[in-house]
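Every read-out reported here was derived from the displayed coordinates using simple, explicitly stated rules and does not represent laboratory data. In this text the structure is predicted, and so the values were computed from the model without any measurement. Positions of Cβ are backbone-derived with ideal geometry, glycine not excepted, and every protein chain shown enters the neighbour counts.
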Amino acid sequence: MTALGLRLIACAYKTVPHFDKLEKELKDLIFVGFIALKDPLRADAKEVLDHCRSAGIKVVMVTGDHQLTAKAIFSELGIKTEGHIIDGKELDNLTDEQLDRKLPEIDIFARVEPQHKLRIIKAWQRRGQVVAMTGDGVNDSPALKAADVGIALGSGSDIAKETADIILLEDDFKVIVEAIRQGRIIFDNIKKVVLFLLVGAFSEIILISGAIALNLPLPILAIQILWINLIDSGFPNIALAFEGEDGDVMSLPPRKRQEPILNGRMKLIIFGAGILSDIIILLLIYQLNSYYEINHLRTIIFATLALDTLIYVFSIKSLRRSILNINIFDNFYLLTAVAISFSLLLLAIMLPGFNLIFKTVIITPQEWLVVLLLSLIKLLFIEFFKKISLSSIINFIKTNVSN
């Protein structure tokens, strides 16, 4: 019956004329039979475990139950466990080095005690893995404390809940998987916000530094930069935090423990798109400097930098997919932010009172068309650098230099 996933309680009785100490009476009992208990799996348990596997999350069962009981539960979930089970006694016979070698192959630890749980967690941590531990009993408390993320069940003991980092109000493994999914979405959105701000800031630095180095007039004034940073970048920046799931985040492998927010591809986008788009703008300044009054030229540059911010934000909605493969209209907050920022940009350029403050002039429809075309350049560069990696560029340079 244990092999069927049933927990067994043996029942026996004894008739005694006078009850003495319990230890003395617990012998010469008459066996009556077994009570078999079945803890049924949730209907969605198999689907949830499939989501974990596709997300690169390894689920390990650490239980005090018999090996056969644990194996039967995994079998119901369609998981083969041949040779992937060890019990507490076997674990005691393994050195740390032996356990480290066998650890990736083990799906079930049966008949374990509290000290075994601690040892299992530390073994996974030695491999550089982030370990989450779920538990509900007092004996789970040391392991909950040692894990990177201790998760106590809401129905568990007070000690377990005090020790844990997270308490599940609903005793459902699906809640943990959903929390992981939301965590990945939030981390993605943090990266989008950081990238969006740094692309614009770096472009402004390069543009002004380049103009000074080439002995050109300042292409944009401080108050105009302040407007771009507060209005044209500020509103979309907040709206990016409300982005939904970028594709199927649960099909991606887990990020490494020490992985920075600003990865190699993001750096490539910041430097590549920023430098290349600014080179084009500096060439435009060089060519038009003698044809336009300086405030008129600055207005065109101001409008270009402000508008390209409102355009390339749609490319940053996804760091893995092309803008052609995403729905750019699915974030109401972003659409509203872009609409408000563009309306205020028009006021800063077209309204007489704002002209005096921001040193702008009214530009013609033809010039707005030029502004629009220039604003698309950074978007195109961002899309290009989303498709290639920093390592591929380095390898290309090494290959051509060596030849």
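Here are some notes:
- Per residue, the convex hull volume that the Cα atoms of the chain enclose (Å³): 215 Å³
- Computed over Cα pairs, the Kirkwood radius of the range 40-176 leads via Stokes-Einstein (0.692 mPa s, 37 °C) to a diffusion coefficient of 213 µm² per second.
- Within the chain, longest stretch free of exposed GluC sites (Glu not before Pro) [DSSP loop, at most 13 other beta carbons within 10 Å]: 294-403
- Overall size of the range 182-402 from C-alpha positions, given as principal axis extents largest first: 54, 50, 28 Å.
- Each principal axis of the Cα atoms in the range 153-206 has its own extent, and those three values, largest first, are 58, 21, 9 angstrom.
- DSSP loop chymotrypsin sites (Phe, Trp or Tyr not before Pro) with at most 10 other Cβ within 10 Å excluded, longest remaining stretch of the chain: 20-290
- Relative frequency of Cα-Cα separations exceeding 20 Å in the range 192-291, percent: 53 percent
- When Rg and the Kirkwood Rh are both derived from Cα coordinates, the Rg/Rh ratio for the range 1-94 amounts to 1.15.
- The trypsin sites (Lys or Arg not before Pro) of the range 121-198 that DSSP puts in a loop, and whose beta carbon has at most 14 other beta carbons within 10 Å, are Arg127.
- Taking the range 182-402 and dividing mean pair separation by its residue count, relative contact order in percent (alpha carbons under 8 Å, at least six apart): 31 percent
- Counted as membrane-span-like here are DSSP H helices of the chain whose alpha-carbon atoms extend 15 Å or more along the helix's own axis and whose Kyte-Doolittle mean is 0.0 or above; these are 173-213, 264-288, 294-312, 332-350, 365-387, 390-402.
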